[in-house]
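Bear in mind these aren't lab numbers, they're just calculated from the coordinates by the rules spelled out. Computed from a prediction, not measured in an experiment: that's the story for all the values here. All Cβ positions, glycine included, derive from the backbone under ideal geometry; neighbour counts span all protein chains shown.
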Amino acid sequence: MENNSKIKKSKFVHYTVMKTEVVDSLDCYNSDKIYVDCTLGGGGHSEEILKRISPNGRLVSFDVDDDAIEHASNRLKGYKNLTIVKGSYADIDIHLANLGIEKITGGIIFDLGASFHQLTCAERGFSFMKDAPLDMRFNQEQDWNAWDVVNNYKENELVEIFSKYGEERFSKRIAHAIILNRPINSTLELADLIKKSTPNIKSKIHPATRVFQALRIEVNQELLNFENTLKKVINLTEVGAIISLLSFHSLEDRIAKQFLKSYSSSCRCDRNVPSCTCGGKILELVNKKPIEASDEEVKINPPSRSAKLRIAKKIK
């Protein structure tokens, strides 16, 4: 990992997307059940859950970001029925077991992707609009970051992640330019290289957008963690518990949609199997089409226009 001097820490700023809709999905007013918030972030969803559940209810919130934990811990310090876990939701089974929790009885929410603070905080290296070291780690104690990916991955590996996670059609051109210009140390240096190595096409989005998204997903293993955790959640949730999935781009939403479709189907067995052995339908879809942010919210916070909320209930 490239060592870089520290940049002045930015003030924590956060906007909670679809706060009411997400927490409404849990139907948790005066509930004494156990709930999980997989991404604490600024604490918006967690606070709304805590306002609604009874004092006998319990919320466990996860995050790996020190900035988020520091901010939310102070924001939510008055709530005695909250447990904040510094750890990845990918290890949810281990963390809950350590807390003596066998089942999530009330519900679980996923608020995927990077937070507003992470994306706009210059020193975190997520933005191609502000100069900073190539970082992009959610967990700042993680050993490797975006610098390692950009400067150490083979050309074919870069092409693959830019294509798979960024759906970037100029992946080969960009990857080749990176190989020829290593080492690349800053966000603006990389953004400028991407701009120079791709055709000048009129578009509403910056030419570096997709590559930066791909790098962020790769550094934090976002899609792999999400997909693997969903499989764990099936066994960790009690009958009647709600699974609420808030995604912000097509790759996340595709995983959410496929997961819900599979477990809400009458049979998941291979078609060649003579009889059903999967146990049948486990989830019931609460909404067949994703819920989107209101026009009013999009005006206040334009990035929420891409949000999609999918909800299911455990029935078996």
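What to note about this one:
- Modelled spin labels at GLU189 and VAL273, positioned 7 Å past Cα toward Cβ, are 5.3 nm from each other.
- Pairs from LYS103/LYS308; LYS77/LYS313; LYS103/LYS231 whose Cα-Cα separation, in the structure shown, is over 23 Å: LYS103/LYS308; LYS77/LYS313
- Straight-line cross-link partners of LYS154 among the lysines, defined as a Cα under 18 Å from its Cα and at least 8 positions apart when in the same chain: LYS164, LYS172.
- Nearest-0.05 FRET efficiency for LYS86 and HIS176, computed from C-beta distance (R0 45 Å): 0.70
- FRET efficiency, GLN142 to GLU102 (Cβ-Cβ, R0 30 Å, nearest 0.05): 0.50
- Largest GNM mean-square fluctuation among ASN74, ASN225, ASN30, using the chain with Cα springs under 10 Å: ASN74.
- Of CYS28, CYS276, CYS38, the residue with the greatest mean-square motion in the GNM of the chain, using alpha carbon springs below 10 Å, is CYS276.
- The modelled label-to-label distance between GLU238 and GLU284, using points 7 Å beyond Cα along the C-beta direction, is 1.8 nm.
- Cα point-scatterer Debye curve for the range 175-316, base-10 log of I(q)/I(0) at q = 0.22 Å⁻¹: -1.34
- The stretch between GLU227 and ASP32, if pulled fully straight at 0.36 nm per residue, gains 67.3 nm over its current Cα-Cα span.
- FRET efficiency, LYS77 to SER294 (Cβ-Cβ, R0 41 Å, nearest 0.05): 0.85
- Of the trypsin sites (Lys or Arg not before Pro) found in the range 165-250, those that fall in a DSSP loop while having at most 16 other beta-carbon atoms within 10 Å are ARG169, LYS202, LYS204.
- Debye-sum result for the chain in log10 I(q)/I(0), which assumes one identical scatterer on each alpha carbon, at q = 0.14 Å⁻¹: -1.12
- The range 183-316 - share of DSSP beta bridges that are antiparallel (%, nearest 5): 100
- Residues considered: GLY125, GLY240, GLY279. Largest GNM mean-square fluctuation over the chain, using C-alpha springs under 10 Å, is found at GLY279.
- Gap separating the Cα centres of the range 154-206 and the range 61-89, nearest whole Å: 35
- Gained length - ASN200 relative to SER54, 0.36 nm times residue gap less alpha-carbon distance: 46.9 nm
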